[in-house]
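Comments concern the structure below.
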Amino acid sequence: MNEVWTRDQDLKFYGVSIGARMTAIRFDSGDVFVHSPIKLTEEIVRDLQAMGTVRWAVAPNKMHHLYVADLKKHFPEVQIFCAPELDKKRSDFKFDGVITNEQSFPWSSEVKHVFIEGAPFYNEVVFFHPKTKTLIVSDLATNFQQTDSLLTKMFLKILGSYGHFGWTKTEKRLFIKDKNAFYRSLDKVLSFDFDRIILAHGEPVLTDGKQMLQKVFAR
C-alpha cells in the first residue's frame with residue numbers, strides 16, 4: 001500500500017465547487033496520520049482501517065475542522081490536534097493538543113510541521129513528509145486548473161484563481177497581516193526538501209512544487 005494516500009470529496013462554497021481533499025500517511029510502524037479529515041463514507045473507513053492504526057489526525061487551520069467529530073466517532077482511539085486558536089472556535093470539541101512551532105508531537109519523527117505565522121485568518125499548519133518529499137497544505141495554496149462547472153470557472157476567474165497556483169495578489173494583501181512573521185515561516189517551509197505538494201483544494205502538484213511555491217511568494 002502507498003505510504004501517502006488521498007481521498008477527494010465534493011465541497012461547495014456558496015454554490016462554487018472547490019472540493020476537499022484528505023491525506024493519510026502510513027508510518028513504518030503501521031500507525032496512520034490523517035490530515036484534514038473529510039466526511040467519512042463506509043469505503044473511506046475501510047480504506048483507513050486497511051492502512052493501519054489511525055493514531056493521529058490534524059485539523060490544520062481554522063477552516064478545516066468540520067469532520068473531526070466524525071473521525072473520532074469511527075476511530076475512538078485517534079488523537080486529534082488542531083491549529084492555534086481553532087480550539088477556541090470549536091469549544092464544542094475536545095482536541096488532544098494545539099500545534100505550535102515550539103514543540104514536537106508524536107508524529108514528528110516521520111512528519112514535520114511549520115505553523116504559518118502572520119496570516120491569522122487561517123492560522124495554518126503546513127506538514128512535510130520527508131520520505132516521499134511531499135508537502136501537505138490546506139489553504140496556503142490552491143491549484144484550480146480545470147473545472148466542469150461554469151459557475152465555478154467564472155467565480156475563480158473573477159478572483160484570479162483559475163489556472164493559477166497559490167495565492168493571488170489580492171489574497172496576499174487580504175491574508176498576510178504581518179509580512180515579517182509570514183515570510184519567516186515560509187522560509188522554514190522552503191527549507192524542506194519537497195518536490196510534490198498535496199493541496200486540500202485543486203489539483204496536486206506532482207513535481208517542481210518547491211520552485212512553484214518560491215515563485216508565487218517571491219518578495
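To keep it simple, each residue is scored yes or no on (1) aliphatic (A, V, I, L, M); (2) farther than 22 Å from residue 142 by Cβ.
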position: 8; (1), (2): no, no
position: 40; (1), (2): yes, yes
position: 45; (1), (2): yes, yes
position: 50; (1), (2): yes, yes
position: 74; (1), (2): no, yes
position: 82; (1), (2): no, no
- [ ] Return the pairs, sorted by first residue and then second, in which the second residue is outside any loop (DSSP other than H, G, I, E, B) and not hydrophobic (A, V, I, L, M, F, W, C), the first residue lies in segment 202-219 and is farther than 20 Å from residue 169 by Cα and without any contact (Cβ under 8 Å) to a residue 24 or more places away in the chain, the beta carbons are less than 6 Å apart, and the residues are 6+ apart or on different chains.
- [x] 206/196
Task: Only one of 93, 75 that is in contact with a His (Cβ under 9 Å, 6 or more places away or on another chain) and either modelled with pLDDT under 95 or not hydroxyl-bearing (Ser, Thr, Tyr) (or both) - done: 93
TODO: Report the residue count in segment 2-17 for those that are within 16 Å of residue 107 (Cβ to Cβ) and modelled with pLDDT under 90.
DONE: 0
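Residue-wise test of (1) basic (Lys, Arg); (2) within 18 Å of the chain's Cα centre (by Cα); (3) surrounded by fewer than 20 Cβ atoms within 10 Å (Cβ to Cβ); (4) at pLDDT 95 or above.
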| residue | (1), (2), (3), (4) |
| --- | --- |
| 113 | no, yes, no, yes |
| 116 | no, yes, no, yes |
| 132 | no, yes, yes, yes |
| 148 | no, no, yes, no |
| 159 | no, no, yes, no |
Open item on the list: surrounded by 16 or more Cβ atoms within 10 Å (Cβ to Cβ) and polar (S, T, N, Q): which single residue out of 104, 29, 36, 109 fits that description?
Closed with: 36
Open item on the list: Just to confirm my filter: which helices (runs of 4 or more DSSP H) fall fully inside segment 25-102 and include at least 2 residues that are of a type in the set (Lys, Arg)?
Closed with: 68-74, 86-89
Open item on the list: Just to be sure I understand the filter: pairs with C-beta atoms under 7 Å, separated by 6 or more residues or on different chains, first member in segment 1-14 and within 16 Å of residue 135 (Cα to Cα) and in a loop (DSSP other than H, G, I, E, B), second member at pLDDT below 95 and acidic (Asp, Glu). Which pairs pass?
Closed with: none
- [ ] Report yes if residue 20 is under 16 Å from residue 199 (Cα atoms), modelled with pLDDT under 95 and crowded, with 19+ Cβ neighbours inside 10 Å, otherwise no.
- [x] yes
Task: Count of residues meeting criterion [β-branched (Val, Ile, Thr) and either under 17 Å from residue 117 (Cα atoms) or surrounded by fewer than 12 Cβ atoms within 10 Å (Cβ to Cβ) (or both)] in segment 163-219 - done: 4
Task: Filter result (touching a Ser or Thr at 6+ places or on another chain (Cβ under 7 Å) and closer than 12 Å to residue 133 by Cα) within segment 185-219 - done: 194, 195, 196, 198
Open item on the list: List the helices (runs of 4 or more DSSP H) inside segment 159-219, counting only whole elements, that have at least 3 residues being more than 19 Å from residue 123 (Cα to Cα).
Closed with: 209-216
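The values are calculated or read from the model by the stated rules, or taken from the named source; none is laboratory data. Computed from a predicted structure; not experimentally measured. Glycine gets a Cβ as well: all are built from the backbone with ideal geometry, and neighbour counts include every protein chain shown.
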